[in-house]
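The values are calculated or read from the model by the stated rules, or taken from the named source; none is laboratory data. Not measured: the values here are computed from a predicted model. Reconstructed Cβ throughout: ideal geometry from the backbone, glycine too, with neighbour counts over all protein chains shown.
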Amino acid sequence: MIACVAKRWNWPTVAVAFLVMVCAITCSPKETAAPQESESVRETVPVKKVFAIGFNQWVGFAPFYLAKERGYYGDLDVSLNFIDLEGDKRAGLYSGRLDMICETMDMFQTNRDGAQYPGVIVFAVDESLGGDGVIASAGVKSLADLKGKAIASEPGLPAHFVLQYLLDKDGMTLKDIEVHDMTSADAASAFMAGRVEVAGTYEPYLSTALSKREGSHLLVSTKDLPGLIVDVAIVRKETLEKWKTDVRTVFNGWCKAMEELEKRPNEAVAVMAKAFNMNPQEFNDTRSGLRYFNYDDNVKLFGTSTDPGSVVETFDLAGQILLKNGLTAATVSASDKIEFSIVAARLQ
């Protein structure tokens, strides 16, 4: 990741989220009147104004713009919206103002008061593959050495969850370290200045910090942990029941965008870079630490309801780690939060 797309997630106050939800409920109707000539049509084929998708300003979501530019959504009117605050995304999804949101599987489960929260995962978008990591001083040579150390990272971002994952592997939690919550840029600066022994951050801060502190090293990056930090598309069950064809159309559009990116990368990148106010070189530099999921990748990750892929294990693992670290009050089984039918029945 680079500075111009720095914050993938950030938490607002409860009041802000509540106001957004109230405004969404009262001001944003989702449906238009159905045709008057047929009562059966009104019941079985509802008419939708727009299919709204919300995500933060991260290049992992850029193919949605490519699909829209190329017309891969067909007749479906898709609205793409940058929403940086997690509370705003959740409020939009809960109220129906947003039909779909995108975020990592661990973020989807973070700060839950109970197991009965809205949303199911329908397909995978991208994964961090080297763009996020944990750096350490010369004195920290193993995971066991993390205990009691001063560690800086930004809550809600991938590197913070990677840190929790590393601690969990050695039987520890955040309580076993001296946690300093700060932005990813500040975490790198604190590490370079010697104020902390370990920092969780992302590129270009990872490489910069390593080059500025003698003896430092990369303890782990997401390149070593494929499948752990995965962005997914999430919809409410009500949306899936009422607008399942639209959800399939969005997934189909995503897959077609992936096919174009693979066959005509220069043309595809030019479109996606423009959507993020970047030039193609900047865009390619930023996406070098991620991997997009095409149709085949999704099939492998999801599997089927009777023979599920690794998405189930990763989802459940993330929930348990968050619970141990006090970052959620409840967990729910992947079987209740992963919908296999969209990937299994892609539109042709």
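Does THR222 satisfy the criteria of being surrounded by fewer than 18 Cβ atoms within 10 Å (Cβ to Cβ), at pLDDT 95 or above, β-branched (Val, Ile, Thr) and within 24 Å of the chain's Cα centre (by Cα)?
No; evaluated as a whole, the condition is false for this residue.
Among the numbered conditions (1) at pLDDT 95 or above; (2) closer than 30 Å to PHE302 by Cα, tell me where GLY194 comes up short.
In the conditions (1) at pLDDT 95 or above; (2) closer than 30 Å to PHE302 by Cα, GLY194 misses (2) alone.
Of the residues VAL134, VAL140, which single one is modelled with pLDDT of 95 or more, assigned to a loop (DSSP other than H, G, I, E, B) and buried (at least 16 other Cβ atoms within 10 Å of the Cβ)?
VAL140
Within segment 238-256, is there a residue that is in contact with an Asp or Glu (Cβ under 6 Å, 6 or more places away or on another chain) and among the polar types (S, T, N, Q)?
The answer is yes, given that some residue of segment 238-256 is in contact with an Asp or Glu (Cβ under 6 Å, 6 or more places away or on another chain) and among the polar types (S, T, N, Q).
Within segment 269-290, is even one residue modelled with pLDDT under 95 and closer than 30 Å to ASP176 by Cβ?
Yes, some residue in segment 269-290 is modelled with pLDDT under 95 and closer than 30 Å to ASP176 by Cβ.
Among the numbered criteria (1) crowded, with 18+ Cβ neighbours inside 10 Å; (2) modelled with pLDDT of 95 or more; (3) small (Gly, Ala, Ser), which single criterion is violated by SER310?
Among (1) crowded, with 18+ Cβ neighbours inside 10 Å; (2) modelled with pLDDT of 95 or more; (3) small (Gly, Ala, Ser), SER310 violates only (1).
For segment 225-271, enumerate the residues that are more than 14 Å from VAL78 (Cβ to Cβ) and under 18 Å from the mean Cα position of the chain (by Cα). Write out each step before concluding.
Applying the first criterion (more than 14 Å from VAL78 (Cβ to Cβ)) to segment 225-271 yields 225-232, 234, 236-238, 240-242, 244, 255, 258-271.
Those that are more than 14 Å from VAL78 (Cβ to Cβ) and under 18 Å from the mean Cα position of the chain (by Cα): LEU225, PRO226, GLY227, LEU228, ILE229, VAL230, ASP231, VAL232, ILE234, ARG236, CYS255, MET258.
Residue under question is SER95, and the condition is that it be closer than 27 Å to SER335 by Cβ and surrounded by fewer than 22 Cβ atoms within 10 Å (Cβ to Cβ); does it hold? Give the steps one after another, and end with the answer.
On the way: closer than 27 Å to SER335 by Cβ: yes; surrounded by fewer than 22 Cβ atoms within 10 Å (Cβ to Cβ): yes.
Spelling it out, SER95 is indeed closer than 27 Å to SER335 by Cβ and surrounded by fewer than 22 Cβ atoms within 10 Å (Cβ to Cβ).
Looking only at segment 195-204, decide whether some residue is of a type in the set (Ser, Thr, Tyr) and farther than 18 Å from LYS223 by Cα.
Taking every residue of segment 195-204 in turn, none turns out to be of a type in the set (Ser, Thr, Tyr) and farther than 18 Å from LYS223 by Cα.
In the list LEU290, LEU219, LEU210, which residue meets the criterion of being touching a helix residue (DSSP H, G or I) at 6+ places or on another chain (Cβ under 8 Å), farther than 26 Å from VAL122 by Cα and not basic (Lys, Arg)?
On the way: LEU290 fails: farther than 26 Å from VAL122 by Cα; LEU210 fails: touching a helix residue (DSSP H, G or I) at 6+ places or on another chain (Cβ under 8 Å).
Just a single option satisfies the conditions, and that option is LEU219.
Could you tell me how many of the residues in segment 74-100 are more than 15 Å from the chain's Cα centre (by Cα) and either within 23 Å of TYR117 (Cβ to Cβ) or part of a helix (DSSP H, G or I) (or both)?
Number satisfying all stated conditions: 8.
Going by the structure shown, is LYS300 under 18 Å from VAL59 (Cα atoms) and over 17 Å from the mean Cα position of the chain (by Cα)?
no
Out of all the residues in segment 200-209, is one or more buried (at least 19 other Cβ atoms within 10 Å of the Cβ), under 30 Å from ILE342 (Cα atoms), modelled with pLDDT of 95 or more and among the small types (Gly, Ala, Ser)?
No, segment 200-209 has no match at all.
For GLY156, indicate whether it is part of a loop (DSSP other than H, G, I, E, B) and buried (at least 21 other Cβ atoms within 10 Å of the Cβ).
Here the answer is yes, as GLY156 does meet what is asked.
Collect the residues in segment 289-345 that are touching a strand residue (DSSP E or B) at 6+ places or on another chain (Cβ under 9 Å) and in a loop (DSSP other than H, G, I, E, B), keeping them in residue-number order.
GLY289, PHE293, SER305, GLY309, GLU339, PHE340
Does VAL271 meet the test of being over 27 Å from PRO155 (Cα atoms) and either assigned by TED's automatic domain parsing to the domain that holds ALA67 or free of Cβ contacts under 8 Å to residues at least 24 places away in the same chain (or both)?
yes
So which of ASN325, ASN279, ASN298, ASN294 ends up being surrounded by fewer than 16 Cβ atoms within 10 Å (Cβ to Cβ) and in the same structural domain as PHE251 (by TED's automatic domain parsing)?
Within the list ASN325, ASN279, ASN298, ASN294, the selection yields ASN279.
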